[in-house]
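Each value in this text was obtained by applying a stated rule to the coordinates, not by laboratory testing. Remember, it's a predicted structure, so these values are computed and weren't measured experimentally. We place every Cβ from the backbone using ideal geometry, glycine too, and count neighbours over all the protein chains shown.
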Amino acid sequence: MKGKHQGVQKRFLDINPRAFYTPCGCHSLNLVLCDTKNSCPKATSFFGVLQRIYTLFSSSTKRCKILQNHIHNLTLKSLSQTRWESRVETVKAVRFQAPQIRDVLFELVETNDDPKIKSEAKCLQLMNLKILNFC
């Protein structure tokens, strides 16, 4: 949007040549957080596990129902690339209920017939222990 040659900044300058560009502080902070996350392998792995947990349960109503039966006040959310507030809510949800999520993953390993789902649940179950140590 700030493009000097084709973006919004250029359009404003076309209308009013005396206008000046001021970067948004919130947007700049968000960019710093994104770069920080990408430069830290532990953070990248951590958020990757959270996204995999979300994907596993949100891609099946049956698995989502199993999750809701064990955890009543948890709403898993997809990780947003631009809104860090949503990441905070996702981390809080998993952090305070990681043992219950591990139990649900254990149930999926025991009861599911799909080898792909079993494998994914088993891997996430093991990674869940690492999340407990990371939080």
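The table that follows gives values for the structure above.
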item: Listed peptides 5-12, 16-23, 115-122 by packing density, highest first (mean Cβ within 10 Å); result: 115-122, 5-12, 16-23
item: Residue-wise HN-Hα coupling along segment 54-62, computed from phi with Karplus coefficients 6.51, -1.76, 1.60 (Hz; x: Gly, Pro); result: 4, 5, 4, 7, 7, 8, 8, 5, 5
item: Burial ranking of peptide ranges 24-36, 43-55 (average Cβ count within 10 Å, highest at the top); result: 43-55, 24-36
item: Sorted peptide list for 61-70, 101-110, criterion being average Cβ within 10 angstrom, highest first; result: 101-110, 61-70
item: Members of Lys37/Lys65; Lys62/Lys92; Lys62/Lys122; Lys42/Lys65; Lys65/Lys116; Lys65/Lys122 lying beyond 26 Å, as alpha-carbon distances in this model show; result: Lys37/Lys65; Lys42/Lys65
item: Cut-off 20 Å, label 7 Å out along Cα→Cβ of Thr111, residues of segment 36-73 by amide N; result: 53-73
item: Ala43-Asp103 pseudo-label distance in nm [points 7 Å out on the Cα-to-Cβ vector]; result: 3.3 nm
